[in-house]
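To start, the structure itself, in structure tokens.
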Amino acid sequence: MEFHELPLGEQLLIARRGTAYFAQRLADLTDTDLDGDTLLPGWTRRHLLAHVGYNAAALCRLLDWAATGVETPMYASPEQRAREIDEGATLTPAALGNLFTHTAARLDEKWRNLPPTAWAAQVRTAQGRLVPAAETAWMRTREVWIHAVDLAGNGRFGDFPTVVLDSLLADIVGMWCTKDLGTGLVLSIDGRTPIAVHQDSPPQHTVAGPLAAVVRWATGRGAIGVTIDTDLDGPPRWL
């Protein structure tokens, strides 16, 4: 079963669990640790924490759009988004922690109070896709679970709920197919039927291992726990 097949209440619960998981991994770090690098090139933990905080605020804007019908983009522009993160990274550790906590609480409040009919209202993501407001549950789920690992602390893909791993993999493979990437790539997950990214292409590369390890590799977070039968450099970009 994938995330979108779950009842909305269960989707929101998983998103909230992800927020709690991120908060736990953040609590493992000292103020000085925030100056350290993440798994995302060019970003310190300060940048990542600012990004996750401002992402919650951006999703609040989409929920306002759904509730009122007044178009409210996630971000004014890609430049504004990048500038916001850079400026947020200069905040004190206490202010960064408050940014994360307060925006997450505000997002949760928006979810709790959104009128039932508004969940189906169409809003636009930062990538330009039109999606129902209910998609914000998956958008936040993906954000907090993956970025908890990106903090480069104690976060592990093996801690993710299986439904999150399965849904991430479906998203990634779907994006590769849309972009015509991953030709000849086969993902061989322990105990499952291998997944050929492009069914009509002969196999050229096989990445094998447990589900969590394959998903970690597919997201671009390293080849820990997988075996690769060729000199494949890394996965295609998916975002």
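The values are calculated or read from the model by the stated rules, or taken from the named source; none is laboratory data. Computed from a predicted structure; not experimentally measured. Positions of Cβ are backbone-derived with ideal geometry, glycine not excepted, and every protein chain shown enters the neighbour counts.
Quick notes on this structure:
Rundown of residues vs (1) surrounded by 16 or more Cβ atoms within 10 Å (Cβ to Cβ); (2) part of a helix (DSSP H, G or I); (3) hydroxyl-bearing (Ser, Thr, Tyr); (4) over 15 Å from the mean Cα position of the chain (by Cα), yes/no style:
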position: THR136; (1), (2), (3), (4): yes, yes, yes, no
position: VAL144; (1), (2), (3), (4): yes, yes, no, no
position: ASP166; (1), (2), (3), (4): yes, yes, no, no
position: ASP171; (1), (2), (3), (4): yes, yes, no, no
position: VAL186; (1), (2), (3), (4): yes, no, no, yes
position: THR193; (1), (2), (3), (4): no, no, yes, yes
position: GLN199; (1), (2), (3), (4): no, no, no, yes
position: ARG216; (1), (2), (3), (4): yes, yes, no, no
position: LEU239; (1), (2), (3), (4): no, no, no, no
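So that you can scan it fast, the table gives a plain yes or no per residue for (1) of a type in the set (A, V, I, L, M); (2) touching a Ser or Thr at 6+ places or on another chain (Cβ under 7 Å):
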site: LEU59; (1), (2): yes, yes
site: LEU63; (1), (2): yes, yes
site: ALA76; (1), (2): yes, no
site: GLU87; (1), (2): no, no
site: GLY97; (1), (2): no, no
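- In region 110-131, the condition of being in a loop (DSSP other than H, G, I, E, B), basic (Lys, Arg) and under 18 Å from the mean Cα position of the chain (by Cα) is met by at least one residue.
- Scan region 31-77 for residues that are more than 21 Å from THR219 (Cβ to Cβ), at pLDDT 95 or above, among the small types (Gly, Ala, Ser) and not in a helix (DSSP H, G or I) and the total you get is 1.
- Cross-chain or 6+ apart pairs with Cβ under 8 Å, region 97-115 first and more than 22 Å from ARG25 (Cβ to Cβ), then outside any helix (DSSP H, G or I) and modelled with pLDDT of 95 or more: LEU114/ALA133
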